[in-house]
Amino acid sequence: MSTSDWVNRDLFPFTSRYMEIDGHRMHYIDEGSGPVILFSHGTPEWSFGWRDLIRGLRGQFRCVAPDLLGMGLSDKPADADYTCRAHADRMAIFIEKLALKDFSVIGNDFGLAIGLSQAIRQPENVRNICIFNGWMWRLDTDPHYALAAKLFDNWFGRMLYRQFNFPVNVIMPSVFGNRKKYLTPEVHLHYKMAWPDPASRVATHAFAGQLLRASDWWEGLWQQRHLLEGKLKLIVWGMKDKAIPPYELEKWIQAFPDARVVRCPEAGHFVQEEAPELMVLEVAKAFG
């Protein structure tokens, strides 16, 4: 069975494409035509999570959604650099190779800063930004994240992540607003199968270590947030997110008071899974 034979093409009806970066294949989808939207996912996620947004937006936009190295259908080398900075560097190469110009960014979770870093690198090349349930500042002074890092950034966490696929099997269901309705067994399978064995789960555990270790990188981006003024048009937030506290939303609002804010009271961390129709409408208006 190939690496993607298990994908239900009724749920994910897109052509899988691949690009080689640093000697490894990165999977991506490239659907529709028009102004470009670059989708930047977090963990444990891949381009599958954008399926409903892309179906709703590809009639108006060209939707480009890569899987970060070590995630989804991309290669999962054991010895790759899986820091947030390295993911951002590979994203920059990806953008250059596809010659993406004047594009917009949608990002969440760890992918939020990875995506927005591209706008900070080349602000003249990014038109609009939509973010949801994520951060772009240091986390090492916040006890909420320090506790998670203490639990998972060690040998015990490595065992949980690599032997038991803990972020997919335990964390993901716990941060949905309504997992019975939206995280169906078939949808959940598409996250489980993306990391089918311990050898494939190096990147997901690496993100646990980045919670605190990437703080200097995030802080460097945050100090340049003025470069995003006028571009960050839309903030969508799942208010039942147990992973990212609601006070993080307030930081975004204070920093970007002109952005439209849409609170989703019943959604959790994965708003694109729980409120895709709303996101499609809001993105189309904000980016149109």
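Values quoted throughout were computed directly from the atomic coordinates according to the rules given, and no laboratory measurement underlies them. This structure is a prediction, so every number in the text was calculated from the model and none was measured. Glycine also receives a Cβ, built like all others from the backbone with ideal geometry; neighbour counts cover every protein chain displayed.
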query: Residue by residue through the range 15-29, which ³J(HN,Hα) values in whole Hz follow from phi under the Karplus form 6.51 cos²θ - 1.76 cosθ + 1.60 (θ = phi - 60°), with glycine and proline marked x?
result: 7, 7, 10, 9, 9, 8, 9, 6, x, 10, 8, 10, 7, 7, 10
message: Helix-only mean residue ellipticity at 222 nm, the chain, DSSP H runs n ≥ 4 weighted -39,500 (n - 2.57), per residue, nearest 500. What is it?
response: -11000 deg cm²/dmol
- request: Based on a Kirkwood Rh over C-alpha pairs, give the Stokes-Einstein translational diffusion coefficient of the chain at 10 °C and viscosity 1.306 mPa s in µm²/s.
  value: 85 µm²/s
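Direction-averaged shadow area of the convex hull around the Cα atoms of the range 62-217, nm²? Present the calculation step by step, with values, prior to reporting the outcome.
Details: hull surface 39.6 nm².
Over all viewing directions, the range 62-217 projects a mean Cα-hull area of 9.9 nm².
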- line: Amide H proximity to Ser104 below 5 Å, modelled H, separation 5+ or other chain, gives Val36, Ile37, Leu38, Arg127, Asn128
Lys150 versus Ile253: modelled label distance in nm, points set 7 Å from Cα along the beta carbon direction: 3.0 nm
- prompt: Which links in Lys150/Lys192; Lys180/Lys242; Lys76/Lys251; Lys150/Lys180; Lys101/Lys285 stretch past 28 Å when you go from one Cα to the other?
  reply: Lys76/Lys251; Lys150/Lys180
- line: By Cβ neighbour count within 10 Å, fewest first, Leu116, Leu139 rank Leu139, Leu116
- request: Would you mind listing how long the range 126-231 runs along its three principal axes, going by Cα atoms, in whole Å with the largest first?
  value: 41, 33, 24
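Treating only the Cβ atoms of Lys and Arg (+1) and Asp and Glu (-1) as charged, compute the dipole magnitude of the chain about its Cα centre; round to the nearest 20 debye. Walk me through the numbers before you get to the answer.
On the way: 33 positive and 34 negative charges, 61 e Å.
Roughly 300 debye for the chain.
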statement: Mean separation of Cα contacts under 8 Å (at least 6 apart) over the residue count of the range 146-263, i.e. the relative contact order in percent, is 30 percent
- request: Collect residues whose amide H, placed 1.01 Å from N in the peptide plane, falls under 5 Å from the amide H of Phe61; neighbours closer than 5 in sequence don't count.
  value: Ser33
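Can you sort Asp5, Asp67, Asp89, Asp102 so the residue with the fewest Cβ neighbours within 10 Å comes first? The partial results should precede the final answer.
Details: Asp5 7, Asp67 23, Asp89 17, Asp102 11.
So the ranking, lowest neighbour count to highest, is Asp5, Asp102, Asp89, Asp67.
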